[in-house]
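Here the structure comes first, spelled out in structure tokens, and everything after it is commentary.
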Amino acid sequence: MKRMVLVLTTVLALIAGTYFADRVTRVKPKITVKLDSPAFTAKLAPDFILKDLDGKDVSLSQYKDQVVLLNFWATWCDPCFIEIPWLIEMQQKYSGKGFTILGVALDEEGKSVVAPWVAKERFEVGGQKLPMNYPILLGNDAVGDKFGGLLGYPTSILISRDGKIIKRVTGILTYDEISKAIESQL
């Protein structure tokens, strides 16, 4: 009986000690603010230099004074394939108003896979089969890390004319949501 009381007392002491140690050492959660919230203060988008499909250097700073939709994607990404026709349409619709899309391809094989895919693929836009009509850049993990890391593809980041991040969407974007966000910046 004494042994049972000793074991029970020890177990209760361990549980209580663990509980109090957990409370004292628990990391307080950081407050997160959605990019769309009024409390969000836009921060400057980091500059980068990537190669395009022709091997030329392209930097984000080259698009200063334009609204830019940075779209991280891959050739094997099914949701990316779904939204590309919308991106083609947005590029057609808004490019004359100081807007561009920069498609950052993140295929591990790089240009050897991306360039033939882009050259071959056509997308249904307004009853026509069209190619991607915006610059395609060859990306890497480092550029994704500059933007806080990528949790999935596609990831789209809208950047204002003054270079600030306005909106970030991880996963497939909706046409209406991103159109409204773009129009608000033009």
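Shape call for the range 79-127 from the C-alpha gyration tensor, a ≥ b ≥ c root eigenvalues: rounded (a/c under 1.5), prolate (a/b greater than b/c) or oblate? Note, shape of the range 79-127 comes out prolate.
Pairs exceeding a 25 Å alpha-carbon distance, out of K129/K167; K111/K146; K111/K164; K97/K146; K120/K146: K129/K167; K111/K164; K97/K146; K120/K146.
Run lengths n ≥ 4 of DSSP H only: what is the helix-derived mean residue ellipticity at 222 nm for the chain, with -39500 (n - 2.57) per run over all residues, to the nearest 500?
Working: 5 runs with 68 residues, N = 186.
So the helix-based figure for the chain works out to -11500 deg cm²/dmol.
The H on the amide N of V104, modeled in the peptide plane, is under 5 Å from the matching H of N71, F72, W73, L137, each at least 5 residues off or on a different chain.
Note that the range 90-129 presents 52 Å² accessible area per residue, ligands and nucleic acids not counted, probe 1.4 Å. The phi-based Karplus calculation (6.51 cos²θ - 1.76 cosθ + 1.60; θ = phi - 60°) puts the 3J(HN,Hα) values of the range 113-129 at 9, 5, 4, x, 4, 5, 5, 8, 5, 10, 10, 6, 9, x, x, 10, 9 Hz, whole numbers, x for Gly and Pro. For the range 46-56, putting each phi into the Karplus relation 6.51 cos²θ - 1.76 cosθ + 1.60 with θ = phi - 60° gives couplings of x, 7, 8, 10, 10, 8, 8, 5, 8, x, 8 Hz, in residue order, rounded to whole numbers and with x for Gly and Pro. Under the shape rule built on the C-alpha gyration tensor, where the axes satisfy a ≥ b ≥ c, the range 67-186 is oblate, since a/c reaches at least 1.5 while a/b does not exceed b/c. Against the main long axis of the alpha-carbon atoms of the chain, helix 78-94 sits at an angle near 50°.
Per-residue Karplus couplings for the range 172-182, computed as 6.51 cos²θ - 1.76 cosθ + 1.60 with θ equal to phi - 60°, are listed in order as 5, 8, 9, 4, 5, 4, 6, 4, 4, 5, 5 Hz, Gly and Pro entered as x. Using a cut-off of 14 Å between beta-carbons, work out the net charge of the residues near Y94 (Lys and Arg +1, Asp and Glu -1, Y94 not included). Here the count lands on +2. Here's how it looks for F123: its modeled amide H is under 5 Å from those of L130, which are all 5 or more places away or on a different chain.
Does the range 105-174 classify as rounded, prolate or oblate by the C-alpha gyration tensor (a ≥ b ≥ c root eigenvalues; a/c under 1.5 gives rounded; else a/b over b/c gives prolate, otherwise oblate)? It comes out oblate by the Cα gyration axes. Rolling a 1.4 angstrom probe over the chain with all protein chains present gives an accessible area of which 59% lies on carbon and sulfur atoms. With the charge dipole of the range 69-127 set up from +1 on Lys and Arg Cβ and -1 on Asp and Glu Cβ about the Cα centre, the Cα lying farthest toward the positive end among the listed residues P85, L70, S95 is that of S95.
The values are calculated or read from the model by the stated rules, or taken from the named source; none is laboratory data. Since the structure is predicted, the reported quantities are computational estimates derived from the model, not experimental observations. Methodologically, a virtual Cβ is constructed for each residue, glycine included, from the backbone with ideal geometry; neighbour enumeration extends over all protein chains shown. Heads up: the accessible areas ignore ligands, DNA and RNA and are worked out on the full protein's heavy atoms, side chains in. Shrake-Rupley method; radii C 1.70, N 1.55, O 1.52, S 1.80 Å.
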